[in-house]
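The values are calculated or read from the model by the stated rules, or taken from the named source; none is laboratory data. Quantities reported herein were computed from a predicted structural model and do not represent experimental measurements. Every residue, glycine among them, receives a Cβ derived from its backbone with ideal geometry; neighbour counts consider all protein chains shown.
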Amino acid sequence: MAECQDILRRWRMRPAAGTLAGFLCVLLLSATGCATSGGSSGGWVVVKQPESPPPPPAARKKSPPDSDRKARGQERAARNHMRSAYKFLQKGKPDHAIRELEKARNAFGDSFWFHYYLGGAYYLKGMYEKAGDSWKTGNRYTNDRRLRSRLRTCQSFAANFYEGDRGSIGFLRAAIDLDDENRQARDLLKDLSGSDRNFSQGRADVQVGFVRPSGRGSAREQGNDDLEGRMPDDDGAEGYGRSKYGKDKEKVDRKTGRSKEKKEKPKKIRDKDLFREYFLIEMD
């Protein structure tokens, strides 16, 4: 018996035995549970993780100030007036269009489309210089080269009535420089250049808005005209009929008594229907 007790004592002192005893204690505790502070045993004590704070409420979008809302409303009103002006221009009612444009100007001020449509209204009323001035002002309100080219082309239509072909050609060349694909400007320039030998030979040294003094030719040609054209007739009267520089007498058909001269083909630059077709584009 003493020998057995000695063996049991040595077994307890072994490290492995201690480990095993600890393991058995853990199993026992898992089966019986842990005692709470109240003396009751309710199984495992579950420790809850602290809850994360709720996200802050989403910030409300600030409504635009009254000044911004007012500006947007004025812009919409101005665009509506300009659309109305466009419709009046389509119907050939420039006076109605001008009234709508003035309303648009009062609502939102000047703009490209205001001056573009205003110039067209003046043109349709026959106020060509005012039309040109309005289109000229429109250049300040756009950097778009195509729109500026369109303005120059419109100016060429108006300029022909108060500056002649030379004024129109200057604007058309400026329009092509701004937009090489402006077919209307090219077509008008070709039509005008073919009617004037100086321009057909590339002698148009005309700047936009500048008109050279008109004359029959260079100083030398004019001098020759004075010497050869104003030849005295036998009776002492001065005439121009025999001069190659003077104006030839009109050829008349003996049977009908009508002139044989061919009527000059009307220039496209004076065609108001062509102008309307080109000018009338709706604002974007």
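Determine if the range 104-117 includes at least one residue that is modelled with pLDDT under 95, surrounded by 15 or more Cβ atoms within 10 Å (Cβ to Cβ) and outside any helix (DSSP H, G or I).
Yes, the conditions are met somewhere in the range 104-117.
From 149, 134, which residue is surrounded by 19 or more Cβ atoms within 10 Å (Cβ to Cβ), at pLDDT 95 or above, assigned by TED's automatic domain parsing to the domain that holds residue 184 and of a type in the set (S, T, N, Q)?
Result: 149 is the single residue among 149, 134 that is surrounded by 19 or more Cβ atoms within 10 Å (Cβ to Cβ), at pLDDT 95 or above, assigned by TED's automatic domain parsing to the domain that holds residue 184 and of a type in the set (S, T, N, Q).
Only one of these conditions is not met by residue 126: (1) within 21 Å of the chain's Cα centre (by Cα); (2) outside any helix (DSSP H, G or I); (3) modelled with pLDDT of 95 or more; (4) of a type outside the set (A, V, I, L, M, F, W, C). Which number is it?
Evaluating residue 126 over (1) within 21 Å of the chain's Cα centre (by Cα); (2) outside any helix (DSSP H, G or I); (3) modelled with pLDDT of 95 or more; (4) of a type outside the set (A, V, I, L, M, F, W, C) leaves (1) as the failure.
Which one of 152, 140 is free of Cβ contacts under 8 Å to residues at least 40 places away in the same chain and part of a helix (DSSP H, G or I)?
Just one listed residue meets the conditions, 140.
Quick one: count up the residues across the range 121-163 that are closer than 22 Å to residue 75 by Cα and not acidic (Asp, Glu).
So the count comes out to 11.
Restricting to the range 36-70, name every residue that is surrounded by 10 or more Cβ atoms within 10 Å (Cβ to Cβ) and either among the basic types (Lys, Arg) or modelled with pLDDT of 75 or more (or both).
Selection gives 68, 69, 70.
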